[in-house]
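S.K.: Below is one structure. I have some questions about it.
The values are calculated or read from the model by the stated rules, or taken from the named source; none is laboratory data. Keep in mind that what you see is a predicted model, and the values were worked out from it rather than measured. Every residue, glycine as well, gets a Cβ built from its backbone with ideal geometry; the counts of neighbours run over all protein chains shown.
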Amino acid sequence: MEQTTQISPADIARQLEFCQKAAALSARRPQQPLALVDTYGCQQNEADSERLRGFLAAMGFGFTQNEEEAQIIVLNTCAIREHAEQRVFGNVGALVHVKRRHPDTLICLCGCMVQQPHAAEKLRTSFRHVDLVFGPQALWRFPEMVYTLLTQQGRIFSVEDEAGSITEGIPVVRQDRGEAWVSIMYGCNNFCSYCIVPYVRGRERSRRQPDILAEVRQLVQAGYRDITLLGQNVNSYGKDLPEPTDFSALLEAVNAIPGDFLIRFMTSHPKDATLRLFQTMARCEKVAPVLHLPFQAGNDRILKAMNRRHTRAQYLEKIQALRDLIPDIVLTSDVIVGFPGETTREFEDTLAVLEAVRFDALFTFLYSPREGTPAARMDDPMPREEKLQNFNRLTALQDRISEEKHAAYVGKTLRCLVDGASGDLRWPLDDPHYHELTARTPGNRLVRTTGPETAVGQFRDIHITGANKWSLFGTLV
Ligand code: 5AD
Ligand code: SF4
């Protein structure tokens, strides 16, 4: 078994020294310098941005959403679909005016998009106002790169093809008060034929269990009530570690941490989602009764072309096994419509899976070719118009199912985590005890309710009184 490449404590200490040196520069300014961090894409990127903010805070920066008053602007980008990339290029292009008005503002791009050679090249040649470009595997060197730019002229590009490493001890500034993301592994080895992730996020590597447990323990003590274990493919957790362990063992250990909190995890791959995992979920009382299990397509020929390494029947068998153990499990999934060569007849097998499983919610994507992936070189004869028609059939079916599933909640009382308040909307008007609140069922469905703002961050019983296809409505008991 291969040893995980762990960045040494000395290397991290060196980065923290760069933070201190940058903080000394910040302290000399007439006002505290501000940073803007803008995140695109998935939860892993959100988690990375929390570490970028941790480093920035250690460098003496405060935070702003206004690019005009920021001394450093960081766009943490996504590459999963072309649309995500176009948005980033549009927004970086617009920053040229900010740079003209404030030439000292540092403009930084990081994340998955910039790790693709074609994107890095375009930034190098056509976006000369960008000062710093670095990929996900270089994030732990952010302080050094920023300090260099604060003290020297020039641009920095750190986008070498790196397998990736594990870094412990990076400071974190979390965005949310009740819900926290904890990365347990990075990268992906699956190489689904449409997906860019394995190329930009490097190989699978797992954090050591004691480090993960220490982080969760600390979060629970700090009052976090909803912990999501994150990884591109959490079910292969531990395969690269020297000690024998797996994701089920990790779940079991997190579940044993004292405290009143919920455990969620994402994303799971059907091929590695085992009966042992389902049994562990059923046994561990803190593991939320919800599973996000992407199936991508319902037709076996397409699944094979996608290199998913499971069939429709195997997927459905796993869902059945899970439901036998946890009958009220909330199920969500990802689906791609219009994979190269998928006929409308084959697409209808995807609809059949929706009917068979009846997911609570679905994330639906139109296939987007990614340069360098095998699928991008496959024949793709179906006109966009027909793909869109199929896409609309899919969302219409799922909307109907979601609405029916949500309607079945009406009349029930559920223990929900109140996770947000909207400060400006009050009902009855001006009564400080009645805020519009949002909450999550154990299965992570959104509930809208009203009550005192002090309920935020607490588990409260909510009686569900109404529903639509997007959310539930209820009253605090
Ligand atoms: N085109 C469309 N959707 C994609 N996904 C990944 N790559 C692509 C692509 N090239 C979807 C998959 C995955 C989710 C995160 O994004 O459904 O599960
Ligand atoms: Fe992409 Fe497949 Fe890895 Fe998910 S499992 S990140 S879809 S390659």
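S.K.: If I filter segment 191-243 down to residues being touching a strand residue (DSSP E or B) at 6+ places or on another chain (Cβ under 8 Å) and within 10 Å of ligand 2 (Cβ to nearest atom), which single residue comes out as farthest from Lys271 (Cα to Cα)?
M.R.: So, considering only residues that are touching a strand residue (DSSP E or B) at 6+ places or on another chain (Cβ under 8 Å) and within 10 Å of ligand 2 (Cβ to nearest atom), the one farthest from Lys271 (Cα to Cα) is Arg201.
S.K.: Go through (1) away from ligand 2 (no atom under 16 Å from the Cβ); (2) modelled with pLDDT of 95 or more and name the single condition Ala180 misses.
M.R.: So Ala180 meets the others, but not (2).
S.K.: Evaluate segment 325-337: report whether one residue or more is within 29 Å of Arg264 (Cβ to Cβ), hydrophobic (A, V, I, L, M, F, W, C), away from ligand 2 (no atom under 16 Å from the Cβ) and surrounded by fewer than 16 Cβ atoms within 10 Å (Cβ to Cβ). Don't jump to the end; show me each part of the working.
M.R.: Of all residues in segment 325-337, those within 29 Å of Arg264 (Cβ to Cβ) come to 325-337.
If we keep only those that are hydrophobic (A, V, I, L, M, F, W, C) too, we end up with 325-326, 329-331, 335-337.
Right, trim to away from ligand 2 (no atom under 16 Å from the Cβ) and you get 325-326, 329-331.
Still in the running and surrounded by fewer than 16 Cβ atoms within 10 Å (Cβ to Cβ): 325.
Yes, segment 325-337 contains at least one residue that is within 29 Å of Arg264 (Cβ to Cβ), hydrophobic (A, V, I, L, M, F, W, C), away from ligand 2 (no atom under 16 Å from the Cβ) and surrounded by fewer than 16 Cβ atoms within 10 Å (Cβ to Cβ).
S.K.: How many of the residues making up segment 178-192 are within 16 Å of ligand 1 (Cβ to nearest atom), in contact with a Lys or Arg (Cβ under 9 Å, 6 or more places away or on another chain) and assigned to a loop (DSSP other than H, G, I, E, B)?
M.R.: Total satisfying the criteria: 5.
S.K.: If we keep just the residues of segment 306-324 that are hydrophobic (A, V, I, L, M, F, W, C) and farther than 23 Å from Cys42 by Cα, which is surrounded by the most Cβ atoms within 10 Å (Cβ to Cβ)? Show your work before the answer.
M.R.: At the first step, the residues of segment 306-324 found to be hydrophobic (A, V, I, L, M, F, W, C) are 306, 313, 316, 319, 321-322.
Then drop every residue that is not farther than 23 Å from Cys42 by Cα, which leaves 313, 316, 319, 321-322.
Details: Ala313: 9, Leu316: 17, Ile319: 24, Ala321: 14, Leu322: 21.
Ranking the candidates gives Ile319 first.
S.K.: Between Leu303, Leu351, which is surrounded by 14 or more Cβ atoms within 10 Å (Cβ to Cβ), more than 14 Å from ligand 1 (Cβ to nearest atom) and among the aliphatic types (A, V, I, L, M)?
M.R.: Testing whether each residue is surrounded by 14 or more Cβ atoms within 10 Å (Cβ to Cβ), more than 14 Å from ligand 1 (Cβ to nearest atom) and among the aliphatic types (A, V, I, L, M) leaves just Leu351.
S.K.: Could you list, in sequence order, the residues of segment 173-189 that are over 24 Å from Ala455 (Cβ atoms) and either among the small types (Gly, Ala, Ser) or crowded, with 18+ Cβ neighbours inside 10 Å (or both)?
M.R.: Filtering segment 173-189 down to residues over 24 Å from Ala455 (Cβ atoms) leaves 173, 182-189.
Residues satisfying the conditions are Val182, Ser183, Ile184, Met185, Tyr186, Gly187, Cys188.
S.K.: Take segment 156-177 and flag every residue that is part of a loop (DSSP other than H, G, I, E, B) and either of a type in the set (Val, Ile, Thr) or within 14 Å of ligand 2 (Cβ to nearest atom) (or both).
M.R.: The first filter runs over segment 156-177 and keeps only residues part of a loop (DSSP other than H, G, I, E, B), leaving 159-165, 167-177.
Passing the criteria: Val159, Gly164, Thr167, Ile170, Val172, Val173.
For (1) away from ligand 1 (no atom under 16 Å from the Cβ); (2) of a type outside the set (A, V, I, L, M); (3) in a loop (DSSP other than H, G, I, E, B), each residue gets a yes or a no:
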site	(1), (2), (3)
Gly202	yes, yes, yes
Ile212	yes, no, no
Glu215	yes, yes, no
Leu219	yes, no, no
Pro242	yes, yes, yes
Thr245	yes, yes, yes
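Yes/no per residue for (1) under 17 Å from Ala23 (Cβ atoms); (2) out of contact with any Pro (no Cβ under 8 Å at 6 or more places or on another chain); (3) of a type outside the set (D, E, K, R):
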site	(1), (2), (3)
Leu36	no, yes, yes
Tyr40	no, yes, yes
Ala47	no, yes, yes
Glu50	no, yes, no
Ala57	yes, no, yes
Phe61	yes, no, yes
Ile80	no, yes, yes
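S.K.: Go through segment 259-282 residue by residue and tally those that are away from ligand 1 (no atom under 16 Å from the Cβ) and either among the β-branched types (Val, Ile, Thr) or free of Cβ contacts under 8 Å to residues at least 12 places away in the same chain (or both).
M.R.: Qualifying residue count for the region: 3.
S.K.: Just one of Met266, Met281 is farther than 24 Å from Asp349 by Cβ and within 16 Å of ligand 2 (Cβ to nearest atom); which is it? I'd like the intermediate steps shown before the answer.
M.R.: Values: Met281 fails: within 16 Å of ligand 2 (Cβ to nearest atom).
Among Met266, Met281, only Met266 is farther than 24 Å from Asp349 by Cβ and within 16 Å of ligand 2 (Cβ to nearest atom).
S.K.: For the list (1) surrounded by 14 or more Cβ atoms within 10 Å (Cβ to Cβ); (2) farther than 24 Å from Thr332 by Cβ; (3) modelled with pLDDT under 95, I need the number of the one condition that Trp427 fails.
M.R.: Unmet condition: (1).
S.K.: Now for a separate question. How do the pairs read when you match residues in segment 189-204 that are under 17 Å from Gln296 (Cβ atoms) and touching a residue at least 24 places away in the same chain (Cβ under 8 Å) with residues anywhere that are β-branched (Val, Ile, Thr) and within 11 Å of ligand 1 (Cβ to nearest atom), using Cβ under 7 Å and keeping only pairs 6 or more apart or on different chains?
M.R.: Ser193/Thr373; Tyr194/Ile336; Tyr194/Thr373; Cys195/Thr373; Ile196/Ile80; Ile196/Thr373
S.K.: Check segment 315-335 and report whether any residue there is within 15 Å of ligand 1 (Cβ to nearest atom), aromatic (Phe, Trp, Tyr) and closer than 20 Å to Asn390 by Cα. Outline the logic, then answer.
M.R.: Quick first cut of segment 315-335, residues within 15 Å of ligand 1 (Cβ to nearest atom) only: 315, 331-335.
After this cut, where a residue has to be aromatic (Phe, Trp, Tyr) as well, the list is 315.
Subset that is closer than 20 Å to Asn390 by Cα: none.
Within segment 315-335, not a single residue is within 15 Å of ligand 1 (Cβ to nearest atom), aromatic (Phe, Trp, Tyr) and closer than 20 Å to Asn390 by Cα.
S.K.: Just checking, which of Glu50, Glu46 is touching a residue at least 60 places away in the same chain (Cβ under 8 Å), of a type in the set (Asp, Glu) and either within 13 Å of Leu150 (Cβ to Cβ) or more than 16 Å from ligand 1 (Cβ to nearest atom) (or both)?
M.R.: Of Glu50, Glu46, the one residue that is touching a residue at least 60 places away in the same chain (Cβ under 8 Å), of a type in the set (Asp, Glu) and either within 13 Å of Leu150 (Cβ to Cβ) or more than 16 Å from ligand 1 (Cβ to nearest atom) (or both) is Glu50.
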